Each structure stands twice: as structure tokens, then as C-alpha cells.
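Take a look at the structure set out below.
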Amino acid sequence: MSDPVARTPRSFYGRTLPETRDANFSGRLFVVEGADGAGRSTQIAKLGEWLEGEGYAVRYMKLSHSELVGEELLEAKGSNVLTATTMSLFYATAFFDQLIHQILPALRSGQIVLADRYIYTLIARDSLRGADAEWVRNVYDGALVPDAVFYLQVSARELVQRNFQKNSTLDYWESGMDLGLSRDMFDSFIRYQRLLQREFQAMSGEFGFEFINANSSAVRTYEALRGRIGTLLNIPARVRRRRPSAKAADLPSLEQE
């Protein structure tokens, strides 16, 4: 890949939105996918710290962090009354709001965007809830194609343990309780996460995921991610970290949950 300061024409999955016609960006977009408990937030925080230490300005993106509908989306999810189609369109609105107002401006200014999930989780969720494959892909065909997509692969039973350790409970939606897989949330979580993993495996050829074994320690997962991103950004494997430039340090970043 070329030097990240060079402006490079970018690709979209389908139609070009009016706001994205100027698609020559010097920044880079890296996506980390995976279930709750896979360690996405931890890895993204560590990657961001490393990249800033290498002199890059970093911006963060999360699916629910839309200034337009983020709070309303979380409130609606809490009520557990969203239909599959309503939830799909809610998330699509939140995604494109962030794409236009946060991701693209960051890329135009040369920042590295680290996305905690992207359209792939939304497509997989919608598919499991009966959405037509062509319809859901048409919804997101205005999305920017990332520089790389990393899927943190963790077994369903390991995910259960991590979620209980972190929250002492399981999430209604992450357990697929709306699908009627099982009356028992524990059993439903296992079944739903396995179905999601199969969806990601089926989508991997279409979207070019790089699977990272995240069942092992967080340190090994981080080393694998840093190695791949370092290669894409032409960062030498062993180099003394330099302090971020004043320009990079002054650029804003999104808050992480």
C-alpha cells in the first residue's frame, strides 16, 4: 500500500452517495468485527494508542455512536419491541450518519479510522432475521470499502464466559432472544452466536475478512492485529516509537464506550 499521506481514490460497494463523490482520501479505514466479548474495544484502544505513538491521528467509530439517532436507537433496543425491519433501518440510518459526518471527514483529513464493527455485523444480523440478501446489500451498497476487515474469532462458549465475567448477564439482542431459538437465554446465546459465526464465514469470500484467532490471550491477538496493520501502513516491525506530531495530537477523536 502507498504512503498514507498520499491521496488515493477509494471504492464503495455500489452506488456513490451525493456526499461521497469526492472519494480521494489520504486516511485509512480499518474495521474490527466480532461478537460481544471478543475483545474488540480492548484491541481498538491498544491499536489506537500504538498508532498515535507512531505519529498518526486516530478517530474511532462504533455502530451506535450516531449523533443523529444514537440515543434513540439505544432506547428503542432497551424496550425489546423493535421489529427486524425497523431495527435494520434504524442501524442503517445511524451508520450512514456516521459515514457522512464522521468517517469521511476524518479520512479526508488523513486520519486513521478504527471502526468497532461495520456494515458486516448489520448484514449478518439482518440475514439471520430473514432479510432478503439482495435487499440488505442494497441498503448498504453506499458504504465505503475498508482497507482491511479483521474478524476476531472466539468460540461461543468462551464468549459466554467473557460476557458473564464482564457484565454478569447476557444481552437480549446478542442472545438472539427475539428469534425464538430457545426460551433459555444461555442456550439461545450459544445458538445465536454460532449462527452469526456461520454467516461471517459465508460472507468472508464476498467481503475479504481476515480471521484472527482471539480465543488466546489479548496480547497475542493484539500482536496479530498490529502486525497486519503495520504491514499495510509500511510501519517497520521493530522501530523506536516517536511522539505524535502536534498536528496529529490536536485532531479530535470520538469517545469510546
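How big is the dipole moment of the chain about its Cα centre under a simple scheme where the beta carbon of each Lys and Arg is +1, that of each Asp and Glu is -1, and everything else is neutral? Debye, nearest 20, please.
In debye, rounded to 20, the chain gives about 1040.
Residue-wise, which Karplus ³J(HN,Hα) couplings in Hz belong to region 215-220, taking 6.51 cos²θ - 1.76 cosθ + 1.60, θ = phi - 60°, and x for glycine or proline?
6, 7, 5, 4, 5, 5
Full extension from A218 to T83: what is 0.36 nm times the residue separation minus their Cα-Cα distance, to one decimal in nm?
Full-extension gain reported as 45.0 nm.
Give the Kirkwood hydrodynamic radius (Å, one decimal) of region 36-151, defined as one over the mean of 1/r across all pairs of different Cα atoms.
15.3
Give me the net charge of I190's neighbourhood, meaning all other residues with Cβ under 14 Å from the Cβ of I190; Lys, Arg count +1, Asp, Glu -1.
After counting each charged neighbour, the total is 0.
How much net charge surrounds P105 when only the other residues with a Cβ under 11 Å from the Cβ of P105 are counted, with Lys and Arg +1 and Asp and Glu -1?
Combined, the nearby Lys, Arg, Asp and Glu give +1.
How much length, in nm to one decimal, is gained on full extension between S155 and R129, taken as 0.36 nm per residue of separation minus their Cα-Cα distance?
7.2 nm
Output wanted: per-residue J couplings in Hz (rounded whole) for region 125-138, from phi through Karplus 6.51 cos²θ - 1.76 cosθ + 1.60, θ = phi - 60°, x for Gly and Pro.
Per-residue couplings from phi come out as 4, 4, 4, 5, 9, x, 5, 5, 4, 5, 4, 5, 6, 5 Hz.
Along Cα→Cβ, 7 Å out, is where each label goes; now give me the distance between the ones at T16 and T169 in nm to one decimal.
Between T16 and T169, the simple spin-label model gives 4.8 nm.
Using a cut-off of 15 Å between beta-carbons, work out the net charge of the residues near I123 (Lys and Arg +1, Asp and Glu -1, I123 not included).
Around I123, the surrounding residues sum to -2.
Please list, in chain and number order, the residues 5+ apart from G34 or on another chain whose amide H is under 5 Å from its amide H, with Hs placed from the backbone.
Under 5 Å from the amide H of G34: L152.
Can you list the residues, at least 5 places off or on another chain, whose amide H is less than 5 Å from the amide H of R59, using H built in the peptide plane?
Long-range HN contacts for R59: I112, V113, L114.
Can you give the accessible area of R129 in Å² (nearest 10), computed on protein heavy atoms with a 1.4 Å probe?
40
First measure r as the distance between the Cβ atoms of E210 and R162, then evaluate 1/(1 + (r/R0)^6) with R0 = 25 Å and state the FRET efficiency to the nearest 0.05.
The calculated FRET efficiency here is 0.70.
Let me check I have the definition right: for region 108-232, take the eigenvalues of the Cα gyration tensor, multiply each by 5, take square roots. What are those semi-axes in whole Å, largest first?
Calculated on Cα positions only, the semi-axes equal 26, 21, 12 Å.
Can you list residues from other chains, or at least 5 along the same chain, whose modelled amide H is less than 5 Å from the amide H of F211?
HN-HN under 5 Å from F211: Y151.
With a 1.4 Å probe and all protein chains in place, put F96, F25, F186 in order of accessible area, largest first.
F186, F96, F25
With a 1.4 Å probe and all protein chains kept in place, how do E49, E71 rank by accessible area, largest first?
Output order, biggest surface exposure first: E71, E49.
Computed FRET efficiency, Cβ-Cβ of V145 and D184, R0 51 Å: what is it to the nearest 0.05?
Once the sixth-power term is evaluated, E becomes 0.80.
Roughly how many Å is it from the Cα centre of region 158-202 to that of region 76-107, as a whole number?
21
The values are calculated or read from the model by the stated rules, or taken from the named source; none is laboratory data. Since we're looking at a predicted model, the values are computed, not measured. All Cβ positions, even for glycine, are placed from backbone atoms using ideal geometry, and neighbour counts span all protein chains on display. Just the protein is used for accessible areas: all its heavy atoms, side chains included, with ligands, DNA and RNA removed. Shrake-Rupley method; radii C 1.70, N 1.55, O 1.52, S 1.80 Å.
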